[in-house]
Amino acid sequence: GTPGMYRSPSISPDGRWLAATGHPQVRDGNHDVWLFALEGESAIRFTIEPSEDVDAAWAPDGKALFYAANAKGPHDVFRKSVDGTRAAELVYEAPGMQKPASVSRDGKFLLVNSEVAERNVILVVDLARGRIRLNVELKYNRDDPALAGKVIDLLRTEGVLDQCVLTSLEYSAVREAK
């Protein structure tokens, strides 16, 4: 392959390509997403914008890559077709650094590593809506076995339960609530 400094490798779903962040000059240069053929010597500079482009994640069909770019300030998440038929499109933006981590097998959700004020959080982004699904974490400050059920009832009453991802340190609480 092309010598240089590369990181964050990701293999395409069909196993033919490796996407990696970096640049061919070892000491300087703008970070871009590069595609390397796993069989052969092909190297393609996938992103060519003046922004720093990092941390690519493949769409499950292999037709697009999600990556972070600092085109408008801190890194936001973009999607670009691999065959070049669609220009890069902004998928998710928020304060701080946003980087794609993984795409669901059905292509509906994107996990985003969000770093804001030295706090890292994994977000679930609904790609059809272009926004975060509400994440609810149940933390028990006192023993209340009915808390999970009360929270579920409130979310159902407000009509937002289908937009929530429920997590808990106690699996049984979420299982009982559903």
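The values are calculated or read from the model by the stated rules, or taken from the named source; none is laboratory data. Source: prediction; values computed, not measured. Note that each Cβ is placed from the backbone with ideal geometry, even for glycine, and that neighbours are counted across all protein chains shown. For the accessible areas, the whole protein counts, side chains as well, though only heavy atoms, and no ligand, DNA or RNA atoms are used. Shrake-Rupley method; radii C 1.70, N 1.55, O 1.52, S 1.80 Å.
Any idea of the accessible area per residue across the range 19-95, 1.4 Å probe, to the nearest Å²?
50 Å²
What nm value, rounded to one decimal, do you get for the distance between Lys150 and Ala71 when each label is placed 7 Å out toward the C-beta?
Going from the Lys150 label point to the Ala71 one covers 4.6 nm.
Can you send over the solvent-accessible area of Val116, 1.4 Å probe, protein chains only, in Å² to the nearest 10?
60 Å²
Subtracting the Cα-Cα distance from 0.36 nm times the residue separation, let me have the gained length for Glu52 to Ala117 in nm, one decimal. Walk me through the numbers before you get to the answer.
Values: separation 65, 0.36 × 65 = 23.40 nm, distance 2.02 nm.
Answer, rounded to one decimal: 21.4 nm.
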